[in-house]
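All remarks here apply to the structure that follows.
The values are calculated or read from the model by the stated rules, or taken from the named source; none is laboratory data. The structure presented is a predicted model; accordingly, all values stated were derived computationally and were not measured. Here the Cβ positions follow ideal geometry from the backbone for every residue, glycine too, while neighbour counts run over all protein chains shown.
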Amino acid sequence: MAIQVKLEVFEGPLDLLLHLIEKNKVDIYDIPIVTITEQYLDYIRQMETEDMNVMSEFLVMAATLLDIKCRMLLPKEVNEEGEEEDPRAELVAQLLEYKMCKYMAYELKDRQIDASHTYFKIRTMPKEIEEYKEPYNLDEILADTSLMKLQELFRMVMKRSEDKIDPVRSTFGNIKKEEIDMDAKASYIFSYVASHMKFSFVELLEKQRSKIEKIVTFLVILEMMKIGQIRIAQDHIFGDIIITTVPDFVAPRDFVMSSF
């Protein structure tokens, strides 16, 4: 909506008062109330309008000016703080507020005029150009690259990898599943027992390659002792265990380890 500014007809009583103050070049904080009131009443006498609403606003301001004029002829009133009150103070506040709003309206009007002179063009970029990507020039990218910079970059990448390693969990060992053929191991022990008849248990364990093989060997020996195929003797505590086969030792066909 455009803001209309009238030059010949004033928008209201405050607009007329502001015009008179600027015309007489007086200080708005020290209005010569007698001079301004006389000029204001002269303008009202010259007004030609049939709109009583507009006329009543000007008449109310005229009455206000006459009231201020009369109060200025009387002794000045004192407020609760002991300061003299200026009868023009309320009118000055209204004029300052109106002046600020009026100049803001002028500013908005100028911006509206400037905006009406601005034009925008709809984007009409072809799809092929929007999707175009300039190819990489490796010579330019690697122009400042040297062996020292590559080495420093490598160290930086390695350091980041080391920082991601958990200092506690990284020391944990990995549990690997070691496969062992139970039947083959049992057959091997049967053959060993049948060929040696009497032997040291420690020597038998030393022939095993891994810890799991030693455990399985120990369990097989226990099972053979349980079913009465071998005898075990130990001369003293923590001494070597001597294993002896029974006279009628026969390797069983179906050997089941009940110890598991």
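Going residue by residue through region 58-79, is there one that turns out to be of a type in the set (Ser, Thr, Tyr), in contact (Cβ under 8 Å) with a residue 60 or more places away in the chain and assigned by TED's automatic domain parsing to the domain that holds Glu22? So far as region 58-79 goes, no, none of its residues is of a type in the set (Ser, Thr, Tyr), in contact (Cβ under 8 Å) with a residue 60 or more places away in the chain and assigned by TED's automatic domain parsing to the domain that holds Glu22. In region 197-221, the qualifying residues are those that are outside any helix (DSSP H, G or I) and either within 16 Å of Ala184 (Cα to Cα) or in contact (Cβ under 8 Å) with a residue 60 or more places away in the chain (or both), and the one that is farthest from the chain's Cα centre (by Cα) is Lys207. Among the candidates Leu41, Leu66, Leu18, Leu59, the residue that is crowded, with 16+ Cβ neighbours inside 10 Å and in a helix (DSSP H, G or I) is uniquely Leu18. Quickly run through region 222-250 and pick out the residues that are assigned to a strand (DSSP E or B) and either modelled with pLDDT of 80 or more or not assigned by TED's automatic domain parsing to the domain that holds Ala194 (or both). Across region 222-250, the qualifying residues are Ile230, Arg231, Ile232, Ala233, Ile241, Ile242, Ile243, Thr244, Thr245. When the residues of region 4-36 are narrowed to those that are under 27 Å from Met104 (Cα atoms) and of a type in the set (S, T, N, Q), which ends up modelled with the lowest pLDDT? Among those residues, the one meeting the criterion is Gln4.
Among the residues of region 65-93, the ones that are β-branched (Val, Ile, Thr) and under 16 Å from Leu20 (Cα atoms) come to 1 in all.
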